[in-house]
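What follows is calculated from the coordinates using simple rules that are stated; it is not laboratory data. Note that the structure is a prediction, hence the values are computed from the model and not measured. Note: ideal-geometry Cβ built from the backbone for every residue, glycine included; neighbour counts use all protein chains shown.
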Amino acid sequence: MSDERRDARRTSVGAATQLGTEVSINLGSALAGLVIPLVGVFAVVAARQVVMAAAMLPFYRPTRAGFTWRRLWPAIALGVVLAAMNLSFYQSVHLLGLGIAATIEFLGPLTIALLASRRLLDVVCAVAAGAGVVLLTGFDGTINVLGVVLALTAAASWAFYIVLTRRVATRLPGLEGITVAGVVSLAILLPFAIVTFDPAAFDWGVIALLVGVGILSSALPYSLDTFILRRITPRLYAIITAFGPVVAALFGWLILSEQFSLLEVIAIAIVCAAAGTAIATQRDPAPTPLDPSLIAATRLE
């Protein structure tokens, strides 16, 4: 087998695997949409963080000298943002539906990707994405305003998460920063989850759903990122990620019985097309704030 064919095969396998992780993430979000009405958003997010911590803590070997505020504050801030991002996103899913919430939330990383751009095409893409979200929220007054505010909060949190992840990645080795952030996030969420805990709402089916959310949305896709990033380019990684809202809408329809008007379908397509176009036409090969190593970290979102 020639080198070109071997490279093409590696790229195909990497792209297919990443598409699988997008399916995994959004399937997990759809399962969260099923279980939130039963146990509440705090329990769902806390359960997901427990699964994440269980997957990452065995590989974390802290030293006493490393526990300083100056060294760890970016990871601690990352944990606070992670908690805010998860809570606002899942609550917006509960109020708006998965398809709409995921599309609005994607404005966060898209804004980071376009922020430093000086190209007219990127300005057009940004305006198109904004117009898509305006169309998505509708003009008839039926959209849940609180849900939109929470989805925008999740978008802003995702943007801050990407920026903080870059700082953490340069200051802390390996998975230390993400592990510390996960523990901080769990520490914030756990008291609220305990206060809102209703034993009568839990049975083995609910527990299975909660574990499934943690595995599908965090543990499985995060563990596959290293495999994926060795096989595809940063641009291809970002392009596939840009179509996440379409996958989210599909699972919203299949699992949560969400119904989309023609206008909403067009709006989701506009946002995804704007993001895909902006990323696919980037010429600068240097890492950007939407570098795949940073997107990989947002698997925890």
Hey, what do the phi angles of the range 5-11 turn into as Karplus ³J(HN,Hα) couplings, whole Hz, using 6.51/-1.76/1.60 and θ = phi - 60°, x for Gly and Pro? 5, 5, 5, 5, 5, 4, 5
Cα coordinate range in the range 147-196, projected on the principal axes (Å, largest first): 36, 27, 9
Please arrange Glu4, Glu176 by how many other C-beta atoms lie within 10 Å of their C-beta, fewest to most. Glu4, Glu176
What list of ³J(HN,Hα) couplings, whole Hz, do you get for the range 129-135 from phi and the Karplus terms 6.51, -1.76, 1.60, once you set θ to phi - 60° and write x for glycine and proline? 5, x, 5, x, 5, 4, 4
Label point distance in nm, Asp198-Val23, each placed 7 Å from Cα along Cα→Cβ: 3.4
For Ser257, Ser117, Ser88, what's the fewest-to-most ordering of other Cβ within 10 Å of each Cβ? Ser257, Ser117, Ser88
Provide the FRET efficiency to the nearest 0.05 for the Thr68-Leu262 pair, computing r from the beta carbons and using R0 = 51 Å. 0.35
List Phe197, Phe251, Phe192 from most exposed to least, where exposure is judged by having the fewest other Cβ atoms within 10 Å. Phe197, Phe192, Phe251
